[in-house]
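Beneath this line is the structure, given in structure tokens, with notes to follow.
The values are calculated or read from the model by the stated rules, or taken from the named source; none is laboratory data. The structure presented is a predicted model; accordingly, all values stated were derived computationally and were not measured. Every residue, glycine among them, receives a Cβ derived from its backbone with ideal geometry; neighbour counts consider all protein chains shown. Heads up: the accessible areas ignore ligands, DNA and RNA and are worked out on the full protein's heavy atoms, side chains in. Shrake-Rupley method; radii C 1.70, N 1.55, O 1.52, S 1.80 Å.
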Amino acid sequence: MALLQVQNLSKRFGGVQAVDTVSFSVKEDQIYGLIGPNGAGKSTTFNLLTSMIKPDSGKVIFKDKDISNEKPHKIAMLGLGRTFQHVNLFSESTVLDNILMANYCRISDSFWGTIWKSFKSPTTLLTGQEKAFEILKLADLENYADELAKNLDHGHQGMLQIAIALATEPQLLLLDEPMRGMNPIETEEISDFIIKIKESGTSVLIIEHDMKAMMKICDQLSVIVYGKKIAEGTPDEIRNNPEVINAYLGSDNDA
Ligand SMILES: Nc1ncnc2c1ncn2[C@@H]1O[C@H](COP(=O)(O)OP(=O)(O)OP(=O)(O)O)[C@@H](O)[C@H]1O
Ligand SMILES: [Mg+2]
């Protein structure tokens, strides 16, 4: 069943057609990749999916509900979680607190609502702690629980950023360049984490320039060039597609 259906989505910024009638569907239990050159419209597509910006035309259907005009926090509550292209965490808080804060936001849709619920039911806090450690374990970060986020190295901060998004308990997790600036070992760790996320029941929609990693982890990919989808298929279909090789991958790619 399609969890997310993107239908003819378009967005123009002045003279730039950033997203041009893009359509694709993400199924349950899938890692779906969006690839394409710099400025192709990938992050803009994420911003449209999460209502950070409004489309000029087209629709976003999530779990059979049209969310094109929903508010971003409502979309998050419905189960569409995301990370951003640039690191986004509370650097002066511990790793555990970063996860707990994101998880509390899930438990209640308002800050004071969360505080109130935790007074009424102390088990809410406990459940949050258990859930947080489950996520830290999945991210291989349990040994860093009491460390301040700012003291983690780049690779672990990347893992924490994904873990924070996961703590909002999404059904579909949107990741924008989670391997950006990572060395090959860190890239491998993030790839393994994303596969574990899928295996634990959360679907993933990912934007990434690291083709080797994308070909390894994705079940299905779309290629976006100048705002338009030029191809869709499995990693094998994409890496052998002449149009994709010509417009993006190049003939000497190692994907
Ligand atoms: N808020 C904005 N206002 C004006 N133009 C924008 C805005 N956001 C994006 N653009 C333009 O839209 C186009 C698509 O940008 P976008 O960030 O979606 O590309 P991208 O595929 O994510 O690229 P990258 O791989 O470099 O992250 C670019 O030409 C960009 O300059
Ligand atoms: Mg981008």
Notebook entry, point to check: Is at least one residue of the stretch 93-102 at pLDDT below 90 and of a type in the set (Gly, Ala, Ser)?
Noted result: yes
Check: Do any helices (runs of 4 or more DSSP H) entirely within the stretch 26-108 hold 3 or more residues that are open to solvent by less than 40 Å² (accessible area, probe 1.4 Å) and within 16 Å of ligand 1 (Cβ to nearest atom), and if so, which?
Finding: 42-49
Check: Which of the residues belonging to the stretch 180-207 are within 14 Å of ligand 2 (Cβ to nearest atom) and open to solvent by less than 10 Å² (accessible area, probe 1.4 Å)?
Finding: Leu205, Ile206, Ile207
Notebook entry, point to check: So which of Leu148, Leu141 ends up being buried (at least 21 other Cβ atoms within 10 Å of the Cβ), over 25 Å from Ile75 (Cα atoms) and at pLDDT 95 or above?
Noted result: Leu141
Check: List the pairs whose first member sits in the stretch 31-50 and is on the phi > 0 side of the Ramachandran plot, whose second member is more than 13 Å from ligand 2 (Cβ to nearest atom) and open to solvent by 10 Å² or more (accessible area, probe 1.4 Å), and whose Cβ atoms are under 7 Å apart, counting only residues at least 6 apart or on separate chains?
Finding: Gly36/Val225; Gly36/Tyr248
Note to self: Out of the residues in the stretch 222-240 meeting the condition of being hydrophobic (A, V, I, L, M, F, W, C) and within 21 Å of Ser10 (Cβ to Cβ), tell me which one is nearest to ligand 1 (Cβ to nearest atom).
What the structure shows: Ile224
Check: Residues in the stretch 12-25 that are more than 8 Å from ligand 1 (Cβ to nearest atom) and surrounded by 22 or more Cβ atoms within 10 Å (Cβ to Cβ): how many?
Finding: 1
Check: Of all the residues that make up the stretch 199-209, how many are over 15 Å from the mean Cα position of the chain (by Cα) and within 16 Å of ligand 1 (Cβ to nearest atom)?
Finding: 0
Next item on the list: Could you run through the stretch 28-50 and say how many residues are of a type in the set (Ser, Thr, Tyr) and out of contact with any strand residue (DSSP E or B) (no Cβ under 8 Å at 6 or more places or on another chain)?
Entry: 0
